[in-house]
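Enquirer: Below is one structure. I have some questions about it.
The values are calculated or read from the model by the stated rules, or taken from the named source; none is laboratory data. All of these numbers come straight from a predicted model, not from anything done at the bench. Cβ sites come from the backbone with ideal geometry, for glycine too, and all protein chains shown count toward neighbours.
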Amino acid sequence: MTIDPRRSDAFLAAVDSGSLEQAALRLNVTPSAVSQRIAALEQDLGTPLLVRARPCRPTAPGMRLLQFLRRRALLEDEFFAEQRDDPGPVRVTLAVNNDSLATWLLPVLAPVLVGEGMLVEFVLDGQGHTFALLEQGRALACVSGETAPMRGCTVEALGAMRYRMVAAPAFAARWFPGGMTREAARHAPVMVFDRKDTLQTTFLLQHFGLPEGAYPFHYVPSSDPYVQAIRLGLGYGLLPLEQCAAMLASGALVDLAPGLHVDVPLYWHAWRIQPPRLERMGTALVKGARAVLLPLAPP
């Protein structure tokens, strides 16, 4: 059995754009034609592939098809590139957590991306959610907190990012004059990255017995503005040591809980069968990450 490329292109366009109308614009056809092609593909494969909502999203079988189509496209690009004297660039989509991208990931990846002639698209989410992007076929590999590999994939330990609870000196003097206590933490505003961020809530519950909602908080869902908000005294929060070490050393930030920290383990997930350039990129990423991150504690 073969998959009709017009039908698979319609499916991909609908998933990528989020609507049949946008998919139609991409393919220069009518929305009705997009819908008919996807319906025909569903009939070919004998299963629903797309939830026609806003945005469109793949069903469970649709996710498996999406994984297959993404990998097939990458393998085809790599094959044809190798037949030319000048292979040209190949594009990969990686799901990564925001803090990795803001700190260690680019310095590790840049040399291999340049050397291998690769173009990259980063899809961002928390380390607890990037694995889902791989499952959904929205990425070809991911940096994740998930320890178990998906079927057909491999997983390798990268290391741990250490987080410290920090604040600007003036903020600490105002809200925590006697140190970080449970009572003081009930009133001081906390910086939370986004609604998926559980680092701060877990820290405050574990060490101070404060449940979520027992304290005021800000949402700042961007790494650099998040750091800036803490430096400006809007609130306090957990920062990776890679981001805050120099500021702690200079006195621009203070550690509110010197004896406490949070270590977030990270893992590299990739398909077991992949193009040579993607495999070499993964090998370089794992090696580079292990050189800069903390070793993971034995299980």
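Enquirer: Across the range 208-233, which residue is farthest from residue 102 (Cα to Cα) among those that are surrounded by 13 or more Cβ atoms within 10 Å (Cβ to Cβ), hydroxyl-bearing (Ser, Thr, Tyr) and under 24 Å from the mean Cα position of the chain (by Cα)?
Expert: Taking the candidates together, the pick is 226.
Enquirer: Here's another thing I want to ask about it. Would you check which residues across the range 236-277 are farther than 17 Å from residue 98 by Cα, assigned to a strand (DSSP E or B) and outside the structural domain of residue 103 (by TED's automatic domain parsing) and list them?
Expert: Selection gives 236, 254, 255.
Enquirer: Related question: Would you check if residue 43 is loosely packed, with under 15 Cβ neighbours inside 10 Å, closer than 16 Å to residue 3 by Cβ and of a type outside the set (Val, Ile, Thr)? It would help to see each step written out before you state the result.
Expert: Details: loosely packed, with under 15 Cβ neighbours inside 10 Å: yes; closer than 16 Å to residue 3 by Cβ: yes; of a type outside the set (Val, Ile, Thr): yes.
Yes.
Enquirer: Sticking with this one: Condition first: without any contact (Cβ under 8 Å) to a residue 12 or more places away in the chain and surrounded by 14 or more Cβ atoms within 10 Å (Cβ to Cβ). Now tell me which residues in the range 165-207 satisfy that.
Expert: Selection gives 184, 201, 205.
Enquirer: Sort out which residues of the range 153-164 are among the hydrophobic types (A, V, I, L, M, F, W, C) and either over 17 Å from residue 203 (Cβ atoms) or surrounded by 18 or more Cβ atoms within 10 Å (Cβ to Cβ) (or both), and write them in order of number.
Expert: Within the range 153-164, 153, 155, 157, 158, 161 meet the criteria.
Enquirer: Same structure again: If a residue must be in contact with an Asp or Glu (Cβ under 9 Å, 6 or more places away or on another chain) and closer than 19 Å to residue 269 by Cβ, how many such residues does the range 46-63 contain?
Expert: 1
Enquirer: How many residues does the range 118-155 contain that are in contact with a Pro (Cβ under 9 Å, 6 or more places away or on another chain) and polar (S, T, N, Q)?
Expert: 3
Enquirer: If you don't mind, there's one more thing I want to ask. Among the residues of the range 166-191, which ones are in contact with a Pro (Cβ under 9 Å, 6 or more places away or on another chain) and assigned to a strand (DSSP E or B)?
Expert: 190, the sole residue that qualifies.
Enquirer: For the range 268-281, state whether one or more residues are under 30 Å from residue 117 (Cα atoms), small (Gly, Ala, Ser) and in contact (Cβ under 8 Å) with a residue 24 or more places away in the chain.
Expert: yes
Enquirer: Looking at residue 37, is it modelled with pLDDT of 80 or more, part of a helix (DSSP H, G or I) and surrounded by 21 or more Cβ atoms within 10 Å (Cβ to Cβ)?
Expert: yes
Enquirer: Quick test for you: out of 124, 109, 119, 133, pick the one residue that is hydrophobic (A, V, I, L, M, F, W, C), in the same structural domain as residue 71 (by TED's automatic domain parsing), more than 12 Å from the chain's Cα centre (by Cα) and surrounded by 17 or more Cβ atoms within 10 Å (Cβ to Cβ).
Expert: Among 124, 109, 119, 133, only 109 is hydrophobic (A, V, I, L, M, F, W, C), in the same structural domain as residue 71 (by TED's automatic domain parsing), more than 12 Å from the chain's Cα centre (by Cα) and surrounded by 17 or more Cβ atoms within 10 Å (Cβ to Cβ).
Enquirer: Scan the range 43-60 for residues that are more than 30 Å from the chain's Cα centre (by Cα) and either in the same structural domain as residue 136 (by TED's automatic domain parsing) or not small (Gly, Ala, Ser) (or both) and jot them down.
Expert: 43, 44, 45
Enquirer: Out of the range 165-178, which residues are modelled with pLDDT of 95 or more and not aliphatic (A, V, I, L, M)?
Expert: Those that are modelled with pLDDT of 95 or more and not aliphatic (A, V, I, L, M): 169, 171, 174, 175, 176, 177.
Enquirer: May I pose another question? In the list 233, 251, 259, which residue meets the criterion of being within 18 Å of residue 294 (Cβ to Cβ) and either touching a helix residue (DSSP H, G or I) at 6+ places or on another chain (Cβ under 8 Å) or among the small types (Gly, Ala, Ser) (or both)? Working first, answer last.
Expert: On the way: 233 fails: within 18 Å of residue 294 (Cβ to Cβ); 251 fails: within 18 Å of residue 294 (Cβ to Cβ).
Selected residue: 259, the only one of 233, 251, 259 that is within 18 Å of residue 294 (Cβ to Cβ) and either touching a helix residue (DSSP H, G or I) at 6+ places or on another chain (Cβ under 8 Å) or among the small types (Gly, Ala, Ser) (or both).
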